[in-house]
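See structure below.
The values are calculated or read from the model by the stated rules, or taken from the named source; none is laboratory data. Keep in mind that what you see is a predicted model, and the values were worked out from it rather than measured. Cβ atoms come from the backbone with ideal geometry, glycine included; neighbour counts cover every protein chain shown. Protein only, heavy atoms only, side chains kept; ligands, DNA and RNA dropped before computing areas. Shrake-Rupley method; radii C 1.70, N 1.55, O 1.52, S 1.80 Å.
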Amino acid sequence: TTANAGSAQTICNTGSAILDANPPTVGTGAWSVVSGPSTSTAQFSSLSNPSATFTPAGGTGSYVLRWTISNSPCPASTSNVTITVTAPPSTASVGGAQTICASGTTTSLGGNTPTSGTGAWSVVSGGTGTFSNAASGSSTFTHTGGTGPVVLRWTISNGACAPSTANVTVTINQPPTTANAGSAQTICNTGSAILDANPPT
C-alpha cells in the first residue's frame, strides 16, 4: 500500500504527538526516525501502529519520522512527517501594583523579557487602555476608560506549549472635584467669617 505518514504537527517538549499514518491493506508498516535531536525508536509507543504515540526524548527541534510499508520482495513505500518540538515559555513575571489618575499613564509595567517564547500585554478587566508596546515587558499603559481597578496580563507563549501568565493591578483615581472657595467677604476684626467652599465629590 502507498504510505502516507499524516500531517505535520507542532508539540511541546513536555507532550506527545498522536501519529496518523495510513493502515496498510497490503504489507506491514513500521515507524522510524530519519533525523532529529534523538533517533531512538524507543520514542514510539509502537513501531507498527499507524496511530502510535511519539514522545520526544531528545529535546526541542524538528523530528522527521518515516512510515514505511513493506511487502517483500516488492520495493517498500515510504512517507515522511515532520514533528516540531518547542520548549515551554519562560515563566511570566510583572512589577508591582500601580495607582494613576484617570486618563493617566503608568510607569513601566515590569514584565520580564522571555528567553523562551514571546510576550504580549492584554487588559483582563476593569477598564480600557492602550499599551506603548504590547510586545514589550517594560511597556506603559495609558488609561482610556472605566473606573478600575484595571487588571493587566503579561502572557508569554511558545508554540504548542501552555502559556505562562502574570497579572498586575492598576488602581484608577478620579481627578478631584474642581475647587471653589466661595465669595470674598469683609468682616470686622472682632468677628469671624463663615466660609463657603464647595464639598468635594
Filter segment 160-198 down to the residues that are open to solvent by less than 60 Å² (accessible area, probe 1.4 Å), touching a residue at least 12 places away in the same chain (Cβ under 8 Å) and part of a loop (DSSP other than H, G, I, E, B), then identify the one that is nearest to Thr99 (Cα to Cα). Thr177
Residue list for segment 33-63, restricted to those being closer than 14 Å to Thr82 by Cα and in a loop (DSSP other than H, G, I, E, B): Gly36, Pro37, Ser38, Thr39, Thr55, Pro56, Thr60
For segment 50-73, which residues satisfy the criterion of being within 34 Å of the chain's Cα centre (by Cα), surrounded by 13 or more Cβ atoms within 10 Å (Cβ to Cβ) and among the polar types (S, T, N, Q)? Thr53, Thr55, Thr60, Ser62
Of Ala30, Ala21, which residue is surrounded by 14 or more Cβ atoms within 10 Å (Cβ to Cβ), part of a loop (DSSP other than H, G, I, E, B) and at pLDDT 95 or above? Ala21
Only one of Ser157, Ser93 that is closer than 30 Å to Gly15 by Cβ, in contact (Cβ under 8 Å) with a residue 24 or more places away in the chain, surrounded by fewer than 17 Cβ atoms within 10 Å (Cβ to Cβ) and of a type outside the set (A, V, I, L, M): Ser93
Any idea which residue in segment 119-146 is least open to solvent (accessible area, probe 1.4 Å), counting only those that are hydroxyl-bearing (Ser, Thr, Tyr) and touching a strand residue (DSSP E or B) at 6+ places or on another chain (Cβ under 6 Å)? Ser139
